[in-house]
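The values are calculated or read from the model by the stated rules, or taken from the named source; none is laboratory data. Owing to the predicted nature of the structure, the values given are computational and were not obtained by experimental measurement. Note that each Cβ is placed from the backbone with ideal geometry, even for glycine, and that neighbours are counted across all protein chains shown. Side chains included, ligands, DNA and RNA excluded: accessible areas come from the protein's heavy atoms. Shrake-Rupley method; radii C 1.70, N 1.55, O 1.52, S 1.80 Å.
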Amino acid sequence: MSTLSEVYRQHPVKVQEITPLDFDSIGTVPDSHAWPVSDGFESNDWSSIPTIDLKDSNAAKLIGHACETFGAFQVVNHGIPINVFEEVEAEASRLFSLPTTQKLKALRSPGGATGYGLARISPFFDKYMWHEGFTIMGSPMDHARQLWPSDYRKFCDVMEDYQKKVEELAVTLMRQILKYLAISEEEMNWIGSPGVASTALQLNSYPVCPDPRRAMGLAPHTDTSLLTILHQRISGLQIFKEGVGWSFVRPTTGALVVNVGDLLHIISNARFSSVVHRVVMKEAKQRFTVAFFYSPPIDFNLCPLGLSSGQIPIYRSVSVSEYFGNKAKNLNQALASIRIS
Ligand SMILES: O=C(O)CCC(=O)C(=O)O
Ligand SMILES: [Fe+2]
């Protein structure tokens, strides 16, 4: 097994759990998409996750502390110019504005990893989400051609260029994190080698909703990745903190939201929390976001690292492919299934 796509091929999903609602023709929230009303949906609380300047000489400490306290932070001075985000969003908007029949030409296949469709967490919930997504791994050419037979080049160039830039940022962030956790880079010697990490780019669209109090953009989940790097321009992302509850992450021009995923939680021996997050319909505007998921090569064996003497690992060693497979099957039980103490 050598790629993330092969893991997903072994965990096929039903077509109805892939196909988004026809948002073009919908005037009310159907029962299939109506979630119980939750107070937190209309919360006005903003989270206090820090905004960290990557050029700060203390960046490693600030990042480590944010990962321990919140499992998330925002980063500025990261080297990706604002016009790059604008271009990515313009292309995402061009895609999601296509008529539904056209978008369905690029529907993700039941055992597929890429293309148009519902979030991968959908099968685990009774209700559907007010969401449509498009997943890219490397070149999106095959699906882009189905959407725009003679006009796919720009989309591919923009998405490929963005993946390169954001992967470089993921490498920089991971190096700071390893420093903080006192993990030698030799233990993760694949970091920085081009083309070996398992990565995915997820374009998310949350269409305007006729009854935002009943709709869930993206249900509560943790990401499987080491790190996720998200661009949001419009609010809607909420993170959960024990004792605090749900609070919104404030969109900040040019900043990126970084969150800890399960794999980093495992490596850090649970020192870093894999933050639970969700998306609600806060603003009466269509919301586009772009998430980049960064994980080790699929054959890499993970285990808690950087332990001081006497510290006991709380997770057993697990390969990236086994963990992704486990999460595809069991979602929230995946971490518990590898816990040993
Ligand atoms: O759209 C967002 O704000 C969050 C997206 C997200 O959590 C995901 O794609 O895993
Ligand atoms: Fe997520």
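A few remarks follow.
- Compared with the dominant Cα axis of the chain, that is its longest principal axis, helix 320-330 is turned about 50°.
- If the segment from Asp142 to Asn330 were pulled out straight at 0.36 nm per residue, it would be longer than the present Cα-Cα gap by 64.7 nm.
- Label-point separation in nm, Glu185 to Lys285, each point 7 Å along Cα→Cβ: 4.0 nm
- Greater than 30 Å apart at Cα, pairs in Lys154/Lys329; Lys285/Lys329; Lys105/Lys154; Lys61/Lys282: Lys154/Lys329; Lys285/Lys329; Lys61/Lys282
- Cα pair distances of segment 61-192 binned at 10 Å [whole percent]: 10, 30, 30, 24, 6, 0
- The chain: most fluctuating residue of Met216, Met141, Met129 per GNM, C-alpha cutoff 10 Å: Met141
- The chain: angle of helix 153-180 to the longest principal axis, Cα-based, in degrees nearest 10: 30 degrees
- Two-site label geometry, Asp161 and Gln10: point separation in nm, points 7 Å out along Cα→Cβ: 3.8 nm
- Probe 1.4 Å, accessible area per residue of the chain, Å²: 43 Å²
- Alpha-carbon centroid distance for the pair segment 145-181 / segment 101-132, whole angstrom: 21 Å
- Couplings for segment 119-128, taken from phi via the Karplus curve 6.51 cos²θ - 1.76 cosθ + 1.60 with θ = phi - 60°, read 5, 4, 7, 3, x, 8, 10, 6, 10, 8 Hz in order; Gly and Pro are left as x.
- Here is the P(r) of the chain: all C-alpha pair distances, binned every 10 Å from 0, give 5, 26, 36, 25, 7, 1, 0 in whole percents.
- Using the Karplus relation 6.51 cos²θ - 1.76 cosθ + 1.60 with θ = phi - 60°, the per-residue 3J(HN,Hα) values for segment 60-74 come to 4, 5, 5, 5, x, 5, 5, 5, 6, 7, 10, x, 7, 7, 10 Hz, with x marking Gly and Pro.
- Within-14-Å neighbourhood charge of Ser317 [Cβ basis; K, R +1; D, E -1]: -1
- Cβ-based net charge around Thr100, under 11 Å, with every Lys or Arg adding one and every Asp or Glu removing one: -1
- Carbon + sulfur, % of accessible area of the chain - ligands and nucleic acids excluded, 1.4 Å: 50 percent
- Alpha carbon convex hull of segment 1-111, volume per residue in cubic angstrom: 229 Å³
- The calculated P(r) of segment 175-225, using every Cα pair and 5 Å bins from 0, goes 4, 13, 14, 16, 13, 10, 10, 8, 8, 4, 0 in percent.
- The slack in the chain from Val196 to Ile314, taken as 0.36 nm per residue of separation less the alpha-carbon distance, amounts to 39.8 nm.
- Fraction of C-alpha pairs exceeding 20 angstrom in segment 262-341: 41 percent, rounded to a whole number.
- For segment 191-341, diffusion coefficient by Stokes-Einstein and Kirkwood Rh (Cα), 20 °C, 1.002 mPa s, µm²/s: 128 µm²/s
- Our analysis of segment 218-288 gives Rg over Rh at 0.98, with the two radii drawn from alpha carbon positions and Rh computed by the Kirkwood formula.
- Taken one residue at a time, the phi angles of segment 257-270 give Karplus couplings (6.51, -1.76, 1.60, θ = phi - 60°) of 8, 10, 10, 6, x, 4, 5, 6, 4, 5, 4, 7, 6, 6 Hz. Gly and Pro are set to x.
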